[in-house]
Amino acid sequence: MDDFKMKAALFDFDGVVCDTEAQYSIFWGGVCRQYHPEQPGLENKIKGQTLDQIFDAHFSDMDVRKDIVRRLDEYEAAMDYEYVKGFLEFMKGLRRNGVATALVTSSNMKKMECVYRAHPDFKLMFDTVLTSDDFTQSKPHPQCFLVAANRLKVKPEDCVVFEDSFNGLKAGRAAGMTVVGVATTNTAQQIAPLCDIVVDDFSFLGLEACNMAMAKGE
């Protein structure tokens, strides 16, 4: 479609493609209560942060870090990677309209191998997959989204970012891209100031709504 403004759709993984945030809340809730009982609710404050960011801010002991990594690897291997409601149909719409797609996640390859086992056709849905191994700056730095746009050979202003975390939304904004906030991890009210569109999931999100949001931003 010559008049279709969205040339590429860039997706975060947790809380956007797969509904994993509640499972991570359980994991980090247990870890935080064990190591930081003096900070109740810490698991909610670290949502959307990378493991390095969490470690740097809250877990300086190397033995503790090793324990958390071991437990996290075991936990992710057994997690349920259920797609966010409406995601698969939305992806079909992107394909029908010739929109390029990229997964842009802070997850490492070990975790993504767990996803691939759960969904053998997962890689086929995306034109490219970027993990933490593909960039040196973590969100809210825009590097990951700019690298994805470059791989897809599209301009940042022709991209739409789909994110749920504050850091991810900020990264999309900083990259100069249209931002769709998915209210799975934080409330719609909380993330609205960082988004062009806010949705609960992909059930009622049409591609034309993304197209209109991009037009408004011009």
* **Subset of the range 185-216 [touching a Ser or Thr at 6+ places or on another chain (Cβ under 6 Å) and free of Cβ contacts under 8 Å to residues at least 60 places away in the same chain]** => D196, A213
* Asked: Filtering the range 17-47 down to residues that are of a type in the set (V, I, T) and within 17 Å of C114 (Cβ to Cβ), which residue is most open to solvent (accessible area, probe 1.4 Å)?
  -> I26
* Structure fact -> Of the candidates V115, V147, the one satisfying the condition of being under 26 Å from Y75 (Cβ atoms) and touching a Phe, Trp or Tyr at 6+ places or on another chain (Cβ under 8 Å) is V115
* Asked: Quick check: anything in the range 154-168 aliphatic (A, V, I, L, M) and part of a helix (DSSP H, G or I)?
  -> no
* Residues within the range 169-194 that are more than 21 Å from I46 (Cβ to Cβ) and part of a loop (DSSP other than H, G, I, E, B), tallied -> 3
* Asked: Given R151, R70, R117, R96, which one is basic (K, R) and touching a residue at least 12 places away in the same chain (Cβ under 8 Å)?
  -> R151
* Can you pull out the residues in the range 24-38 that are modelled with pLDDT of 95 or more and of a type in the set (S, T, N, Q)? -> Q34
* May I ask you to verify whether E82 is open to solvent by 60 Å² or more (accessible area, probe 1.4 Å), more than 26 Å from F135 (Cβ to Cβ), over 17 Å from the mean Cα position of the chain (by Cα) and not β-branched (V, I, T)? => no
* **Members of the range 118-139 that are out of contact with any Phe, Trp or Tyr (no Cβ under 7 Å at 6 or more places or on another chain), open to solvent by 40 Å² or more (accessible area, probe 1.4 Å) and either closer than 21 Å to E82 by Cα or at pLDDT 95 or above (or both)** => P120, D121, L124, D127
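If a residue must be among the basic types (K, R), under 21 Å from L169 (Cα atoms) and in a helix (DSSP H, G or I), how many such residues does the range 22-69 contain?
Residues in the range 22-69 being among the basic types (K, R), under 21 Å from L169 (Cα atoms) and in a helix (DSSP H, G or I): 1 in total.
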* Does the range 157-190 hold any residues that are surrounded by 21 or more Cβ atoms within 10 Å (Cβ to Cβ) and more than 14 Å from the chain's Cα centre (by Cα), and which are they? -> C159, A175, M177, T178
* Structure fact -> Scanning the range 1-16 for residues that are charged (D, E, K, R) and surrounded by fewer than 17 Cβ atoms within 10 Å (Cβ to Cβ), the one modelled with the highest pLDDT turns out to be D3
* Asked: Just checking, how many residues over the range 156-174 are charged (D, E, K, R) and touching a helix residue (DSSP H, G or I) at 6+ places or on another chain (Cβ under 7 Å)?
  -> 3
* **In the range 106-117, the residues that are open to solvent by less than 40 Å² (accessible area, probe 1.4 Å) and charged (D, E, K, R)** => K111
* Within the bounds of the range 53-69, is there any residue that is buried (at least 19 other Cβ atoms within 10 Å of the Cβ), at pLDDT below 95 and not aliphatic (A, V, I, L, M)? -> no
* Go through the range 200-209 and give me each residue that's modelled with pLDDT of 90 or more and surrounded by fewer than 20 Cβ atoms within 10 Å (Cβ to Cβ). => D200, D201, S203
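The values are calculated or read from the model by the stated rules, or taken from the named source; none is laboratory data. Everything numeric in this text was worked out from a predicted model, so none of it was measured. Glycine also receives a Cβ, built like all others from the backbone with ideal geometry; neighbour counts cover every protein chain displayed. Calculation scope for accessible area: heavy atoms of the full protein, side chains included, ligands and nucleic acids excluded. Shrake-Rupley method; radii C 1.70, N 1.55, O 1.52, S 1.80 Å.
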